[in-house]
Amino acid sequence: MNIISINRKIKAILIRLRIHRWLGFIENIFLNASYMIRLSRWVDTNRQILIYDDFYNAQPKHGERFQLYKQILDTYTLNEENITYLEFGVASGTSMRWWTDHNIAPSSNFWGFDTFEGLPERYGSLKQGVFNMKGQFPEISDERIHFVKGLFQDTLLENIKFINFSDRVILHIDSDLFTAALYVLTTLFPYLKKGDLILFDEFGVPGHEFRAFVGFVDSFYLKLKPIGAINNYLQVIFEITEINSNRIK
């Protein structure tokens, strides 16, 4: 009996035994452990090429991500360059406000996608509805901003034709959830190009944004160069250095 036949038999036995009934309670533990191992391997492989990295930070603070933003802004001289900033997961608009304050190019465009009614599903220990802005957009006085309310799968495709992808794109994934992050990445892939930047706000969460990152880079022909990381790899920024996609006209 060869290895393929053995694997088939084992799978059939496990299905017959209804393995989910007696091991289902540790399913998420296995999943997170697997992606934690991949995250550790990714850090070990890539940390030497980062131009900014605060590891090991004994007291990480979410607000420190602005140090990373500033490093990228200065490295790529983005303060006066026309950019298209796409943020998925806006909440109170803290990051959106920072980028509009620090990029003064009049032809830049800033898009903020969110339900503005909190997380649509549970996220780890956070319950559905956390980060609820009661349907209200952040109060940011900048005519370059376009806020879009709703689930990403309901709003992104109908607005994509209005987005300018010819300027450098800064894609900010702050959706927390694996499903939301993966949807955005796979939907926008045909529109991205070499030199665009992708920022993950919860990259260091193995079963969600990191898992979406892994699925994305394993499924599409592109290379992402990590540029900087902060808060022990919770936030990480990448530059697209190679991409092979059928451009959508």
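The values are calculated or read from the model by the stated rules, or taken from the named source; none is laboratory data. Since the model is a prediction, treat every value here as computed from it, not as a measurement. Backbone-built Cβ (ideal geometry, glycine too); neighbour counts: all protein chains shown.
Among the residues of the range 90-109, those that are surrounded by fewer than 24 Cβ atoms within 10 Å (Cβ to Cβ), in a loop (DSSP other than H, G, I, E, B) and in contact with an Asp or Glu (Cβ under 7 Å, 6 or more places away or on another chain) comprise Ala91, Ile104, Ala105. The residue that is farthest from Val205 (Cα to Cα), among those in the range 1-20 that are of a type in the set (A, V, I, L, M, F, W, C) and not in a helix (DSSP H, G or I), is Met1. Restricting Gly124, Gly89, Gly63 to residues that are at pLDDT below 95 and within 29 Å of Pro190 (Cα to Cα) narrows the list to Gly89. Among the residues of the range 31-88, those that are in contact with a His (Cβ under 8 Å, 6 or more places away or on another chain) and among the charged types (D, E, K, R) comprise Lys70, Glu87.
Among the criteria (1) touching a strand residue (DSSP E or B) at 6+ places or on another chain (Cβ under 7 Å); (2) closer than 22 Å to Thr45 by Cβ; (3) of a type in the set (A, V, I, L, M, F, W, C), the one Ala212 does not fulfil is (1). Residues that are in a helix (DSSP H, G or I), more than 27 Å from Thr115 (Cβ to Cβ) and hydrophobic (A, V, I, L, M, F, W, C) occur in the range 49-70; there is at least one. Within the range 143-155, residues that are in contact (Cβ under 8 Å) with a residue 12 or more places away in the chain have Cβ atoms under 8 Å from residues that are among the polar types (S, T, N, Q) and in a loop (DSSP other than H, G, I, E, B) in these pairs: Arg144/Ser108; Lys149/Thr115; Gly150/Thr115; Leu151/Thr115; Phe152/Ser175, counting only partners at least 6 apart in sequence or on another chain. Against the test of being in contact (Cβ under 8 Å) with a residue 24 or more places away in the chain and part of a helix (DSSP H, G or I), the options Leu39, Leu86, Leu78, Leu23 yield a single qualifying residue, Leu39. One residue stands out in the range 47-88 among those that are aromatic (Phe, Trp, Tyr) and loosely packed, with under 15 Cβ neighbours inside 10 Å: the one that is farthest from Thr155 (Cα to Cα), namely Tyr56. Just one of the listed residues (Thr94, Thr75, Thr45, Thr100) is touching a Ser or Thr at 6+ places or on another chain (Cβ under 9 Å) and either among the hydroxyl-bearing types (Ser, Thr, Tyr) or modelled with pLDDT under 95 (or both), and it is Thr100.
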